[in-house]
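Visitor: Please read through the structure below; I'll follow up with questions.
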Amino acid sequence: MSIAQNLASVLDDIRRAEADAKREPNSVRLVAVSKFHSADAVAEAVAAGQVLFGENRVQEATAKFGDLAARALPFELHIIGTLQRNKVRDAVRIARCIQSVDRLEVLQEIERQCAKIGKTIDVLFEVRTGEETKAGFTDYAALDHVAALCAQGQFPHVTPRGLMTMAPNTDDHDRIRAAFRETRGVRDALAEKYTSLHLAELSMGMSGDFRIAISEGATMVRIGTAIFGARQA
Ligand SMILES: *Cc1c(COP(=O)(O)O)cnc(C)c1O
């Protein structure tokens, strides 16, 4: 199957999952995760109408999407992998959104680098609901503190949009569902407490579990393998 066919099929599945969950049509955005795939593969997806992409690693993203920009292809890039502080400078130049903010120091550096270039960037806060990844807030008091600082206006170049999570890598659907439900609960609590923040986004669900995520309120699903095929990691 071609990338275009895979995309059409994934979008079809997303629309069906929205309908099954009695969600509004098109209330879920597809983030096409292109890590380990070439700029040509991304260009193929763009030709098929996909605009929103996700990448884990800043260096790879900068090379690949710099190439796309040079070809004048339209894209919106989100960084979805854990960010080292020294990669923030390049990340904020290429990305529209950093989905993987998991500590205050990274947020401070994002603000500093965005202020330098006069750019405002969207962020999501990553929460850790699975044991497989080390990324994400596990201490919800620390997350609350970061949200409070945002609500106080401490990061004028940063717009928090919601939360991101990676569910546990398991076949146990109940555990996956519980992870998504927990993320939504944390988001709901923060949104209620900090009404000046607009935490509408829930980025959750990957190739194997996006239907569950949509039924639990995901507004963005991050899908790689089902679109681009297996990765040669
Ligand atoms: C790789 C990755 C994805 C996509 O995973 P697939 O199983 O290939 O769909 C989603 N989110 C994050 C954070 C990733 O690193």
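Visitor: From (1) in a helix (DSSP H, G or I); (2) within 13 Å of the ligand (Cβ to nearest atom); (3) of a type in the set (Lys, Arg), pick out the condition that doesn't hold for Arg231.
Guide: Tallying (1) in a helix (DSSP H, G or I); (2) within 13 Å of the ligand (Cβ to nearest atom); (3) of a type in the set (Lys, Arg), Arg231 fails exactly one: (1).
Visitor: Moving on. State all residues of region 134-160 that are within 16 Å of the ligand (Cβ to nearest atom) and touching an Asp or Glu at 6+ places or on another chain (Cβ under 8 Å); if no residue qualifies, say none. Step through it out loud before you land on a result.
Guide: Going residue by residue through region 134-160, those that are within 16 Å of the ligand (Cβ to nearest atom) are 134-137.
Those that are within 16 Å of the ligand (Cβ to nearest atom) and touching an Asp or Glu at 6+ places or on another chain (Cβ under 8 Å): Ala135, Gly136, Phe137.
Visitor: Would you mind stating whether Ala115 is small (Gly, Ala, Ser) and touching a Pro at 6+ places or on another chain (Cβ under 9 Å)?
Guide: On the way: small (Gly, Ala, Ser): yes; touching a Pro at 6+ places or on another chain (Cβ under 9 Å): yes.
Against the criterion (small (Gly, Ala, Ser) and touching a Pro at 6+ places or on another chain (Cβ under 9 Å)), Ala115 qualifies.
Visitor: Additional query: Determine the pairs where a residue that is under 12 Å from Thr62 (Cα atoms), located within region 33-45, has a partner that is crowded, with 18+ Cβ neighbours inside 10 Å and of a type in the set (Gly, Ala, Ser) with Cβ atoms under 9 Å apart, the partner being 6 or more residues away or on another chain.
Guide: These pairs meet every condition: Lys35/Gly54; Lys35/Ala61; Lys35/Gly81; Lys35/Gly224.
Visitor: Taking Ala70 as meeting all but one of (1) within 16 Å of the ligand (Cβ to nearest atom); (2) without any contact (Cβ under 8 Å) to a residue 12 or more places away in the chain, write down the number of the exception.
Guide: Condition not satisfied by Ala70: (1).
Visitor: Looking only at residues that are in a helix (DSSP H, G or I) and touching a Ser or Thr at 6+ places or on another chain (Cβ under 9 Å) in region 7-36, which one is farthest from the ligand (Cβ to nearest atom)?
Guide: Going through region 7-36, the residues in a helix (DSSP H, G or I) turn out to be 7-20.
Subsequent filtering for residues that are touching a Ser or Thr at 6+ places or on another chain (Cβ under 9 Å) retains 10, 17-18, 20.
On the way: Val10: 9, Ala17: 15, Glu18: 18, Asp20: 20 Å.
Top of the filtered list is Asp20.
Visitor: Can you say whether Met220 is within 16 Å of the ligand (Cβ to nearest atom), within 16 Å of Thr129 (Cα to Cα) and in contact with a strand residue (DSSP E or B) (Cβ under 8 Å, 6 or more places away or on another chain), as far as the supplied structure shows? Step through it out loud before you land on a result.
Guide: Working: within 16 Å of the ligand (Cβ to nearest atom): yes; within 16 Å of Thr129 (Cα to Cα): no; in contact with a strand residue (DSSP E or B) (Cβ under 8 Å, 6 or more places away or on another chain): yes.
Criteria not met by Met220.
Visitor: Mind listing whichever residues of region 203-215 are more than 13 Å from the ligand (Cβ to nearest atom) and touching a strand residue (DSSP E or B) at 6+ places or on another chain (Cβ under 8 Å)?
Guide: Kept after step one, since they are more than 13 Å from the ligand (Cβ to nearest atom), are these residues of region 203-215: 212, 214-215.
Of everything in region 203-215, just one residue is more than 13 Å from the ligand (Cβ to nearest atom) and touching a strand residue (DSSP E or B) at 6+ places or on another chain (Cβ under 8 Å), namely Ile214.
Visitor: Given the conditions (1) on the phi < 0 side of the Ramachandran plot; (2) in a loop (DSSP other than H, G, I, E, B); (3) at pLDDT 95 or above; (4) of a type outside the set (Ser, Thr, Tyr), report the number of the one that Glu132 does not fulfil.
Guide: Exception for Glu132: condition (3).
Visitor: Of the residues in region 184-199, how many are over 20 Å from Gln154 (Cβ atoms) and in contact with a helix residue (DSSP H, G or I) (Cβ under 8 Å, 6 or more places away or on another chain)? Give the steps one after another, and end with the answer.
Guide: To start, the set of residues in region 184-199 that are over 20 Å from Gln154 (Cβ atoms) comprises 184-189, 192.
From what's left, in contact with a helix residue (DSSP H, G or I) (Cβ under 8 Å, 6 or more places away or on another chain): 186.
Result for region 184-199: 1.
Visitor: For region 134-169, name all the residues that are β-branched (Val, Ile, Thr) and in contact (Cβ under 8 Å) with a residue 12 or more places away in the chain.
Guide: First, the residues of region 134-169 that are β-branched (Val, Ile, Thr): 138, 146, 158-159, 165.
Listed by number, the residues that qualify are Val146, Val158, Thr159, Thr165.
Visitor: Taking region 156-176, which residues are surrounded by fewer than 19 Cβ atoms within 10 Å (Cβ to Cβ) and touching a Lys or Arg at 6+ places or on another chain (Cβ under 7 Å)? Can you show your working first?
Guide: Going through region 156-176, the residues surrounded by fewer than 19 Cβ atoms within 10 Å (Cβ to Cβ) turn out to be 156-157, 159, 168-175.
Those that are surrounded by fewer than 19 Cβ atoms within 10 Å (Cβ to Cβ) and touching a Lys or Arg at 6+ places or on another chain (Cβ under 7 Å): His157, Pro168.
Visitor: Looking at (1) surrounded by 20 or more Cβ atoms within 10 Å (Cβ to Cβ); (2) small (Gly, Ala, Ser); (3) under 30 Å from Ala48 (Cβ atoms), which is the one condition that is false for Ala179?
Guide: (3)
Visitor: State whether the residues of region 203-216 include one that is exposed (fewer than 14 other Cβ atoms within 10 Å of the Cβ), in contact (Cβ under 8 Å) with a residue 24 or more places away in the chain and within 17 Å of the chain's Cα centre (by Cα).
Guide: The answer is no, given that none of the residues of region 203-216 is exposed (fewer than 14 other Cβ atoms within 10 Å of the Cβ), in contact (Cβ under 8 Å) with a residue 24 or more places away in the chain and within 17 Å of the chain's Cα centre (by Cα).
The values are calculated or read from the model by the stated rules, or taken from the named source; none is laboratory data. Worth saying up front: this structure is predicted, and the values here are computed from it rather than measured. Cβ coordinates were reconstructed from backbone atoms using ideal geometry, including for glycine residues, and neighbour counts include every protein chain displayed.
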